[in-house]
Amino acid sequence: MKKLLILLIFSFFSVQSFAGSCPDGSEPVKSVSADGSYYVYHCGNSNNEQASSSTTNSKALAGIDIVNDPNIDFFKPPQKPYPTGKLYWFGRMWQMTDFNKDGFSDVLYIGTMNPNNVDMIGVDTGGICGGGACKGNKPLPSLFLGDAEGKLTYVPHLLIDKREDSGMSLGRQILVADYNNDSILDFYIADTAVGTHNGFRDSYFLSQSNSTWLESSKTHLSHSNFEVFDHGAATGDIDNDGDMDVVITETNWKTGTALWCLINDGTGYLNKRKCGGIFSFALELADIDGDGDLDVLLGAHEFEKSIDFTGIVWNDGRGNFNKHNNTRLPQHKKKWGSVPEVSAADLDNDGDLDIVYSRAGVLYVGTAIQVIENLGNKKFKDHGIIPLVEAPDDFIPTHEGNEWNDFIEDIRFRDLDKDGDIDLYLSSSMSLKTDGMVLLNQGDFAFELLLPNVAKKYVTIDYKAPAPVSEEQKAEEQAVLDEIAAFETALEAELGQ
Ligand SMILES: [Ca+2]
Ligand SMILES: [Ca+2]
Ligand SMILES: [Ca+2]
Ligand SMILES: [Ca+2]
């Protein structure tokens, strides 16, 4: 990434030195760019093209560029590798990249603590411990390093958390980026808390010179114990100054705060400030209008009046998202009004980013994907809903944790069938039905849905389980294999009817 930045800076300077004299021999006129971040040189009318080419060079890096990097080998990671089955109660979210820079893809998992005071009340994770905070040991994230055989090795000694109350309550988002600019990827974990919807302080792991990652909230966050229900979180260089910032959501009617921006000073130290936005549930950063700065893509709970904005809030170029400067996107609130995740990629190879929403019904019943085409000039075309799992019409849920909750937690983009366009890889840490589903891009916004067992052949490396070492590990891995086998038998029986 640093190399890329250096390259960009280098090419930017070479454009400038070109501009040293104009074609007609006159001196160019120097002026400051619209966002104040670089100089633009003009040679009368003839040089406008050159000015716009240096605008392209200032394109800000987004977290989605890192996790969807086509140069990083991608494979279907195991849903519950040992010992994550024991460490986390549920919600094993992951990100894949080459953390230790040995050329092989690694996988980092987060999850939810196993509380010792479980007492389910209410309809969601806010009532899991009788309406109060969950208690018990909080687990750390789990890093698995990949190797040439596609084998993953658990390396707990590389992640260090010295806080008195260390670990995670309910880790919801892993934001991978090189925050401290040492060319090794770091990660920020947004933690929503389990047991209440009041949030829990986040975790922030920075790479160290001894090849470990040290939890650095105390030294590198302006507010290290800040607690907010940050269901949505994303990383990107929102102020275009060459370092990676963090944006998290809050739904706070009292203060009106919708987004918090954690602005990097270049060393990995993040300064928290309010930065506008609109109440939302899902969040991603992407330059949707192609003007070089990252905009916020938001997803709502469209069934609820107070969190019903699905759409884009535009960046003013300095990392502020004025709530009035927005574009709404088509909703589907009748059946698919819960929007837990959103992302963006260029699905039709026309140079702009198209938008993909993960959708679910009331209390997460049923699972769907919505694809929206970017037409340019802040115009969009909804290509509608692709249902992945649909519950029978007469099913009435009483809790989020119901048998028809298979929602897609993460949308990833790769050219999986190597035909020149970007396909969608969908993951769900709690559903065997939808985890590893693929939507193959067939052009013109048509997609072919592949079930996980069919989609397997499109992942580049088949994960081979390492030989179990302990009896406990053997038993746990066998239990996972039995669960998958039973599921596939049941699925075949169902499809055979
Ligand atoms: Ca690696
Ligand atoms: Ca780093
Ligand atoms: Ca920045
Ligand atoms: Ca933009």
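The values are calculated or read from the model by the stated rules, or taken from the named source; none is laboratory data. Everything quoted here is computed from the prediction, not taken from an experiment. Backbone-built Cβ (ideal geometry, glycine too); neighbour counts: all protein chains shown.
What pairs come out if I take residues in segment 225-253 that are on the phi < 0 side of the Ramachandran plot and at pLDDT 95 or above and pair them with residues that are part of a loop (DSSP other than H, G, I, E, B) and of a type in the set (V, I, T) whose C-beta lies under 7 Å away, six or more apart or interchain?
D245/I238; V247/I238
Would you mention how many residues in segment 136-164 are over 19 Å from F187 (Cα atoms) and free of Cβ contacts under 8 Å to residues at least 24 places away in the same chain?
Final tally of qualifying residues: 2.
Considering each of S211, S222, S203 in turn, give the residue that is within 16 Å of ligand 2 (Cβ to nearest atom) and more than 26 Å from M430 (Cβ to Cβ).
Details: S222 fails: within 16 Å of ligand 2 (Cβ to nearest atom); S203 fails: more than 26 Å from M430 (Cβ to Cβ).
Going through S211, S222, S203 in turn, just one is within 16 Å of ligand 2 (Cβ to nearest atom) and more than 26 Å from M430 (Cβ to Cβ): S211.
If you check H324 against the conditions, is it modelled with pLDDT under 95 and either out of contact with any Lys or Arg (no Cβ under 8 Å at 6 or more places or on another chain) or over 30 Å from S431 (Cβ atoms) (or both)? Break it down stepwise before answering.
Numbers: modelled with pLDDT under 95: no; either out of contact with any Lys or Arg (no Cβ under 8 Å at 6 or more places or on another chain) or over 30 Å from S431 (Cβ atoms) (or both): yes.
When the stated conditions are applied, H324 does not pass them.
Restricting to segment 331-352, and then to whatever is surrounded by fewer than 15 Cβ atoms within 10 Å (Cβ to Cβ) and modelled with pLDDT of 95 or more, can you tell me which residue is farthest from I174 (Cα to Cα)?
D350
When residues of segment 108-131 are filtered for being closer than 20 Å to Q173 by Cβ, buried (at least 21 other Cβ atoms within 10 Å of the Cβ) and not polar (S, T, N, Q), how many remain?
Total satisfying the criteria: 6.
Going by the conditions given, is P392 modelled with pLDDT under 95, closer than 18 Å to K433 by Cα and part of a loop (DSSP other than H, G, I, E, B)? Lay out the reasoning, then the answer.
Details: modelled with pLDDT under 95: yes; closer than 18 Å to K433 by Cα: yes; part of a loop (DSSP other than H, G, I, E, B): yes.
Yes; evaluated as a whole, the condition is true for this residue.
Give the residues of segment 353-389 that are assigned to a loop (DSSP other than H, G, I, E, B) and either crowded, with 17+ Cβ neighbours inside 10 Å or at pLDDT below 95 (or both), sorted by residue number. Give the steps one after another, and end with the answer.
Initially, segment 353-389 is screened for residues assigned to a loop (DSSP other than H, G, I, E, B), giving 353, 361, 365-366, 377-378.
Those that are assigned to a loop (DSSP other than H, G, I, E, B) and either crowded, with 17+ Cβ neighbours inside 10 Å or at pLDDT below 95 (or both): L353, G361, V365, G366.
What single numbered condition from (1) more than 21 Å from the chain's Cα centre (by Cα); (2) of a type outside the set (D, E, K, R); (3) modelled with pLDDT under 90 fails to hold for F445?
(3)
Tell me the residue from K138, K86, K101 that is at negative phi, assigned to a loop (DSSP other than H, G, I, E, B) and among the basic types (K, R), please. Write out each step before concluding.
Values: K86 fails: assigned to a loop (DSSP other than H, G, I, E, B); K101 fails: at negative phi.
Unique residue meeting the criteria: K138.
Within 16 Å of ligand 4 (Cβ to nearest atom), closer than 30 Å to G337 by Cβ, free of Cβ contacts under 8 Å to residues at least 40 places away in the same chain and surrounded by 17 or more Cβ atoms within 10 Å (Cβ to Cβ): is that true of D295 in this structure?
Working: within 16 Å of ligand 4 (Cβ to nearest atom): yes; closer than 30 Å to G337 by Cβ: yes; free of Cβ contacts under 8 Å to residues at least 40 places away in the same chain: yes; surrounded by 17 or more Cβ atoms within 10 Å (Cβ to Cβ): yes.
Yes, satisfied.
Looking only at segment 188-227, filter to residues that are over 27 Å from H157 (Cβ atoms) and surrounded by fewer than 23 Cβ atoms within 10 Å (Cβ to Cβ); which one of those is farthest from ligand 3 (Cβ to nearest atom)?
Among residues in segment 188-227 that are over 27 Å from H157 (Cβ atoms) and surrounded by fewer than 23 Cβ atoms within 10 Å (Cβ to Cβ), the one farthest from ligand 3 (Cβ to nearest atom) is T196.
Kindly evaluate T255 against the criterion of being farther than 18 Å from L283 by Cα, among the β-branched types (V, I, T), out of contact with any strand residue (DSSP E or B) (no Cβ under 6 Å at 6 or more places or on another chain) and more than 14 Å from ligand 2 (Cβ to nearest atom). Can you show your working first?
On the way: farther than 18 Å from L283 by Cα: yes; among the β-branched types (V, I, T): yes; out of contact with any strand residue (DSSP E or B) (no Cβ under 6 Å at 6 or more places or on another chain): yes; more than 14 Å from ligand 2 (Cβ to nearest atom): yes.
Taking the combined requirement at face value, the residue satisfies it.
What are the residues in segment 237-252 that are more than 16 Å from ligand 2 (Cβ to nearest atom), touching a Leu at 6+ places or on another chain (Cβ under 8 Å) and part of a loop (DSSP other than H, G, I, E, B), if any?
Filtering segment 237-252 down to residues more than 16 Å from ligand 2 (Cβ to nearest atom) leaves 238-241, 247-252.
Checking which are touching a Leu at 6+ places or on another chain (Cβ under 8 Å) leaves us with 238, 247-250.
Scanning segment 237-252 gives I238, E250.
Could you figure out which of (1) within 20 Å of K86 (Cβ to Cβ); (2) crowded, with 18+ Cβ neighbours inside 10 Å isn't true of S166?
Of everything listed in (1) within 20 Å of K86 (Cβ to Cβ); (2) crowded, with 18+ Cβ neighbours inside 10 Å, S166 misses just condition (2).
Out of the residues in segment 298-322 meeting the condition of being away from ligand 4 (no atom under 13 Å from the Cβ), farther than 19 Å from K378 by Cβ and of a type outside the set (A, V, I, L, M), tell me which one is farthest from the chain's Cα centre (by Cα).
Once the filter is applied, the top-ranked residue is K305.
For segment 193-223: of the residues being touching a residue at least 60 places away in the same chain (Cβ under 8 Å) and among the hydroxyl-bearing types (S, T, Y), which is nearest to I110 (Cα to Cα)?
The qualifying residue nearest to I110 (Cα to Cα) is S203.
Go through (1) of a type in the set (A, V, I, L, M); (2) in a loop (DSSP other than H, G, I, E, B); (3) surrounded by fewer than 19 Cβ atoms within 10 Å (Cβ to Cβ); (4) in contact (Cβ under 8 Å) with a residue 60 or more places away in the chain and name the single condition I408 misses.
Answer for I408: the failing condition is (3).
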